[in-house]
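Here the structure is laid out as structure tokens; the discussion comes afterwards.
The values are calculated or read from the model by the stated rules, or taken from the named source; none is laboratory data. Just so it is clear, the model here is predicted, and its values are computed rather than measured. Glycine also receives a Cβ, built like all others from the backbone with ideal geometry; neighbour counts cover every protein chain displayed.
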Amino acid sequence: MERLFESELRVMEPLWDEGELSAGQLAKKLAASCGWNRNTTYTVIKKLVDKGVVERRDPGFVCRALVSREQVQRQETRGLISRLFGGSRTAFMSAFLSEELTEDEARQLRELVEKLR
């Protein structure tokens, strides 16, 4: 899957949240949330269709995500770790955890590590 740009992620969010939406519904949502006009939304939808991550069906120009939010998150995380940390998950986690954690965050991370073992 090709990397998604910020503008493309803005279109994906409502599709992930609500499932299928018409292009008109997407345009209204994006006009309200970020001030886009209809042409901008339709252009980004076309790019997502060309990338194979959104399906567009007629009648009604109904759009549906073909990849999950989790798939994109995993891909973006792998890319970030590769680009900024030389592929080292340990270096990434060290940098990520260098900020002070709350007790609840620390507990949740311990539980996650135990679950992954």
Query - Residues satisfying the stated conditions in segment 1-27, i.e. among the aliphatic types (A, V, I, L, M) and surrounded by 14 or more Cβ atoms within 10 Å (Cβ to Cβ) - result: LEU4, LEU9, VAL11, MET12, LEU15, LEU21, ALA23, LEU26, ALA27
Query raised in the report: Hey, does segment 5-13 have a residue that's in a helix (DSSP H, G or I), farther than 25 Å from THR77 by Cα and modelled with pLDDT of 95 or more?
Result: no
Report summary line: Matching residues in segment 88-116 (among the polar types (S, T, N, Q) and in a loop (DSSP other than H, G, I, E, B)) number 3
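Name the one entry in CYS34, CYS63 that is surrounded by fewer than 17 Cβ atoms within 10 Å (Cβ to Cβ) and in contact (Cβ under 8 Å) with a residue 24 or more places away in the chain. First the steps, then the outcome.
Working: CYS63 fails: surrounded by fewer than 17 Cβ atoms within 10 Å (Cβ to Cβ).
Answer to the check: CYS34.
From the residues in segment 66-87 that are aliphatic (A, V, I, L, M) and part of a loop (DSSP other than H, G, I, E, B), which one is surrounded by the most Cβ atoms within 10 Å (Cβ to Cβ)?
Step one: of segment 66-87, the residues aliphatic (A, V, I, L, M) are 66-67, 72, 80-81, 84.
Then drop every residue that is not part of a loop (DSSP other than H, G, I, E, B), which leaves 66-67.
Numbers: LEU66: 15, VAL67: 18.
Among those that are aliphatic (A, V, I, L, M) and part of a loop (DSSP other than H, G, I, E, B), it is VAL67.
In the set VAL62, VAL67, which member is among the hydrophobic types (A, V, I, L, M, F, W, C) and closer than 13 Å to MET1 by Cβ? Give the steps one after another, and end with the answer.
On the way: VAL62 fails: closer than 13 Å to MET1 by Cβ.
Residue meeting the stated conditions: VAL67.
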Report task. Go through the residues of segment 35-58 one by one and say whether even a single one is assigned to a strand (DSSP E or B) and of a type in the set (Asp, Glu). Result -> yes
